[in-house]
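A.B. asks: Below you'll find the structure I mean.
The values are calculated or read from the model by the stated rules, or taken from the named source; none is laboratory data. The structure displayed is predicted, hence computed values, not measured ones. With ideal geometry, Cβ positions are generated from the backbone for all residues, glycine too; neighbour counts draw on all protein chains shown.
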Amino acid sequence: MRVAFLPLPWPVIHFSAREERPLSGVINLRKLAAIDILFLGSQFILAEFAAGVLLSTALGIFVLVRGHSFWQAVLGVYLVCLGINYVPMFACAVDITRKQSAREGDGTGIDR
């Protein structure tokens, strides 16, 4: 990697063909769940993620069934998708809690 200083307010980074670009846009859900468990406790996080899955999905289905306008349908689809997005976080939190690996430093948990 070579940094070229131009008359710009920020440095420009050039990557060669052999270098891999960092995956800065990828979020590690397991580490995110481990951080939540470390700071807030496993019972609270499991309840939060379970409520996120169940309540937002149920509310989304309710809005879809009872809604009569386009925007109510959009809101219902949004809430169902929000509930679906909580499923991987809930699965990671359950796995970390069962293995009690929130403090492990082997890449699956978090170092303190």
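A.B. asks: May I ask you to list pairs of residues, at least six apart or on different chains, whose Cβ atoms are under 9 Å apart, with the first in segment 28-45 being of a type in the set (Ser, Thr, Tyr) and the second being at pLDDT below 90?
C.D. replies: Short answer, once both residue conditions are applied: 42/100; 42/102.
A.B. asks: Looking at segment 85-112, I want the residues that are under 28 Å from residue 55 (Cα atoms) and of a type in the set (A, V, I, L, M, F, W, C) and have a partner that is at pLDDT below 90 and part of a loop (DSSP other than H, G, I, E, B) with Cβ atoms under 6 Å, at least 6 apart or on another chain. Which pairs are those?
C.D. replies: What qualifies is 96/102; 102/109.
A.B. asks: Here's another thing I want to ask about it. Taking residue 56 as meeting all but one of (1) in a helix (DSSP H, G or I); (2) among the hydroxyl-bearing types (Ser, Thr, Tyr); (3) at pLDDT below 90, write down the number of the exception.
C.D. replies: Answer for residue 56: the failing condition is (3).
A.B. asks: Of all residues in segment 39-96 being of a type in the set (Phe, Trp, Tyr) and in contact with a Phe, Trp or Tyr (Cβ under 6 Å, 6 or more places away or on another chain), which is farthest from residue 29 (Cα to Cα)? Please lay out each step first, then the result.
C.D. replies: Quick first cut of segment 39-96, residues of a type in the set (Phe, Trp, Tyr) only: 39, 44, 49, 62, 70-71, 78, 86, 90.
Remaining after also requiring in contact with a Phe, Trp or Tyr (Cβ under 6 Å, 6 or more places away or on another chain): 49, 86, 90.
Numbers: 49: 13, 86: 10, 90: 10 Å.
Going through the qualifying residues, I end up with 49.
A.B. asks: Further question on the same structure: Which numbered condition in (1) in a helix (DSSP H, G or I); (2) free of Cβ contacts under 8 Å to residues at least 24 places away in the same chain; (3) not aromatic (Phe, Trp, Tyr) is the only one that residue 68 fails?
C.D. replies: (1) is the only condition that residue 68 fails.
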